[in-house]
1. Could you work out the relative contact order of region A:25-151? I mean the mean sequence separation of Cα pairs under 8 Å and 6+ apart, divided by the number of residues, in percent.
2. Let a ≥ b ≥ c be the square roots of the eigenvalues of the Cα gyration tensor of region A:11-134; is it rounded (a/c under 1.5), or, if not, prolate (a/b larger than b/c) or oblate?
3. When you look at the Cβ of every residue in A:86-94, what mean number of other chain Cβ atoms sits within 10 Å?
4. With the Cα gyration tensor of chain B giving a ≥ b ≥ c as the square roots of its eigenvalues, does the rule (a/c under 1.5 for rounded; else a/b larger than b/c for prolate; else oblate) give rounded, prolate or oblate?
5. Is there a simple number for the mean count of other chain Cβ atoms within 10 Å of the Cβ of residues in B:233-245, and what is it?
6. Given 4 °C and 1.567 mPa s, compute D for region B:9-82 with the Stokes-Einstein relation, Rh being the Kirkwood radius over Cα pairs; round to the nearest whole µm²/s.
7. Which value, in square angstrom to the nearest 100, describes the accessible area buried between chains B and A on both sides, using a 1.4 angstrom probe?
8. Using the Cα centre of the protein assembly as shown as the reference point, and only Cβ charges (+1 on K/R, -1 on D/E), how large is the resulting charge dipole? Debye, rounded to the nearest 20.
Amino acid sequence: MTALPVPDTDPRRLALNALAAADANALTAAWSNWSDKPDFKPVRGPETGLVMVRGRAGGGGAPFNLGEASVSRATVRLESGEIGHGYCLGRDLDKARLIAVFDALFQRDPATVETWILAPLRAGATAADTKRKQETAATKVNFFTMVRGDN
Amino acid sequence: MYVAVKGGEAAIANAHALLADRRRGDRAVPALRTEQIIEQLGLAVDRCMAEGSLYDRELAALAILQSRGDLIEAIFLVRAYRTTLPRFGYSRPIDTADMLIERRVSATFKDLPGGQLLGPTFDYTHRLLDPAIAEGNDIAEPVTAEADPARAPRVTDMLGHQGLMEPDLGFDPVEQDEVGDLTREPLQYPLDRDLRLQALARGDEGFLLALGYSTQRGYARNHPLVGEIRIGEVEVELDIPELGFPVSLGRVRVTECQMVNQFKGSAKVPPQFTRGYGLVFGQSERKAMSMSLCDRALRAREFGEDISAPAQDEEFVISHLDNVQSTGFVEHLKLPHYVDFQAELDLIRTMRAKFEATQEAAE
């Protein structure tokens, strides 16, 4: 199989990335706050399986199989016809289904999903990463090479 | 040869009930929950995921609880569980250069772009037991500092530009399907490096540590230094045919070790630094370092080096690094072998009779 092209700025792709990165509780809260919940039907799943995670020899060389990760996925169809797909690490079937629902809603009404779901998720993820980076930055060290007889 | 036995059902059921009782221990002590194992015994969870070859913290924590903390038993449970799930596909190779770094050190370069970041390390602790931890004291929030916004390139990529470091060999994207997968095809020696790396990544930490140590002590000496160790989270991306593009599934934590080794060169290759590579699920730099020492030793054939030490013997190393296989074969010896033993007893009796007859004849 040839690798699919990577549309770096595709809004739907960025939305799915943000949803997969989100904490399941944040998605559940977002769904319960969503007014006017649409009816949807399952098309596939939700189901759990494995993805073989690949690395590269030396970091940048030929690929090899590092080990598997559990992954859940779901596909739903809204009553208005949009099909949504959800994929995420782990075995949380509700999370995969919610991602699929939000993906379908994003096709119907991207602006509302962006404002009420994606923007807060992205802000939360950025804040969490910043905190982690700052904690790591505090452990930055400068080693000095001593000249012999100088200590 | 193993011959099946019957019976013992009641004893087995009672033994398992007793196991459940001993696992729970004193009922006056609160039962352990998997969240506690994930949060407070995180490195045991990481080892279970790495050698179980399945990234799933909740499952690894459950396995540790179920196995009473016997990590090889826990790894066995995780390996057994993974066989029950369908395979959705193969991820895109993770990009360790684009990592949310939690630790990054180099023993070879003092001043790195992005800096040396110690992270949550046991290094430089005094290895003195701390009774305060047993009392469950409150722990202060970690100190924070302004983070360097610059990217932290892999050290080996930086030195590679000067031509003194063996470069990563590129690959043809069309060949992606040809990446070996030992969970799908039985191994046939000699192996390519992709299969060796897959086997090493899920191999037993203790076995690889011992072999890595043997290379330092002179059995396949190749003068290693740590070019870089980095620990942190990377995105896992999967091509989704129904969408027509790849999406991120989330992030996994990995440990990467770039070992840099002296190489005096050969007829074809000028003198340069060669490399061994380690990549492991979770935070486990001992394992990643051991893996990179073994990876380099196992590349002896590629560099035209003499194969004289155990760590260079591909079939020996790869056939014995898997602790689930090893424990299966070693531990099966305790199961009933009555028929085997009876046959061996008859054989010994026959031989003994012959021996005694010869002795008597000589007298």
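1. Working: 178 pairs, mean separation 23.9, N = 127.
Over region A:25-151, the number comes to 19 percent.
2. Values: a/c = 2.16, a/b = 1.40, b/c = 1.55.
Here region A:11-134 falls in the oblate category.
3. Details: counts 1, 8, 4, 9, 7, 4, 1, 0, 0.
Mean shielding by partner chains, rounded to a whole number: 4.
4. Values: a/c = 1.85, a/b = 1.31, b/c = 1.41.
Oblate is the answer for chain B, as a/c is 1.5 or above yet b/c matches or exceeds a/b.
5. Details: counts 2, 2, 3, 8, 7, 10, 6, 6, 2, 4, 8, 6, 9.
So the per-residue partner count for this stretch is 6.
6. Values: Rh = 12.8 Å.
Result for D is 101 µm²/s.
7. On the way: alone 23740 and 10680 Å², together 28010 Å².
Chains B and A together bury approximately 6400 Å².
8. On the way: 59 positive and 75 negative charges, 73 e Å.
Roughly 340 debye for the protein assembly as shown.
The values are calculated or read from the model by the stated rules, or taken from the named source; none is laboratory data. This is a predicted model, so every value here is computed, not measured. Don't worry about glycine lacking a Cβ; one is built from the backbone with ideal geometry, like all the others, and counts go over all protein chains shown. With ligands, DNA and RNA removed, areas are computed over all heavy atoms of the protein, side chains included. Shrake-Rupley method; radii C 1.70, N 1.55, O 1.52, S 1.80 Å.
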